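Below is one structure; the comments refer to it alone.
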Amino acid sequence: MNPQENSELLAALMRQEELLKQLIASINKPKLGLHSDAGNCKIYCNRQHGGLWYTLNGEPSDVPQTALTGYLKELRFENTERRKKETCKLLITIQADRTYILESGYDTHFSKSLLTAIATLTPEQLYSPITLQPTPGTSDESVLFCRVWVGSELVMASYNEQTNWQEIWEQALAVTKAANEIAF
């Protein structure tokens, strides 16, 4: 390339970078005016109330949508009390049109299938939006799995009784953290 071509290419790349910054800024702007999206939306991932997942606004309300697409921001375990018993929950934070916090028992198939899939991904894959799809078990009506999609690709990951859950959890956490630290 001659100096003129280099200069034109550099100018085009700088324009492209500026447009990308403007696009990101417009995506990150809060909604203005009247809307119903204030705060977080907590979604409980189990089949307890007839659907695959539900919200609680006084009464359980089935979530009719069959998938959630967004950016995985955080995975964490939290001890909490449910039905007057101490229990551990996996909390999955997804940033989409608003912040969604998905809650599932730490040892459920939903949590295990999600963690196993996330642990197989790279930070670059998690830098893009992922889709979480609750999927009912076929032989037991109480079982709920979580399919994880990156773009149009289903993440195939399996687990069994010999799975080292501490290792899976640490890897899933590390990949999620690394993806959120990637700078533009």
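For the stretch 25-156, what mean projected area does the convex hull of the alpha carbons give, in nm²? Can you show the working numbers first?
Numbers: hull surface 38.3 nm².
It is 9.6 nm².
If amide H atoms are built 1.01 Å from N in the plane of the peptide, which residues on other chains or at least 5 residues away come under 5 Å of the amide H of residue 145?
Distant-sequence amide H within range of residue 145: 135, 137.
For the chain, set up a GNM with springs between Cα atoms under 10 Å and report which of 48, 171, 162 has the largest fluctuation.
The residue with the greatest mean-square fluctuation here is 162.
Kindly give Rg over Rh for the stretch 141-184, based on alpha-carbon atoms, with the Kirkwood expression for the hydrodynamic radius.
Numbers: Rg = 13.6 Å, Rh = 13.0 Å.
Radius of gyration over Kirkwood radius for the stretch 141-184 works out to 1.05.
Can you give the angle from 0 to 90° between the axis of helix 3-27 and the longest principal axis of the chain, with both taken from C-alpha atoms, to the nearest 10?
Tilt of helix 3-27: around 30 degrees.
Please report the Cα spread of the stretch 62-123 along all three principal axes, rounded to whole Å, starting with the longest.
Answer, in whole Å and largest first: 35, 28, 18 Å.
Looking at the chain as a GNM with Cα springs under 10 Å, which of 24, 118, 168 has the largest mean-square fluctuation?
24
Compare the Cα positions of 66, 100, 88 along the charge dipole of the stretch 41-122 (+1 at Cβ of Lys, Arg; -1 at Cβ of Asp, Glu; about the Cα centre) and return the one farthest towards the positive end.
Of 66, 100, 88, it is 88.
With +1 on each Lys and Arg Cβ and -1 on each Asp and Glu Cβ, how big is the dipole of the chain about its Cα centre, in debye rounded to the nearest 20? Each step should come with its number before you reach the end.
Numbers: 17 positive and 22 negative charges, 114 e Å.
The dipole of the chain has a size of about 540 debye.
Every number in this text was worked out from the coordinates using simple rules, so none of it is lab data. These figures come from a predicted structure and were not determined experimentally. Counting neighbours? That spans all protein chains shown, and the Cβs are built from the backbone with ideal geometry, glycine included.
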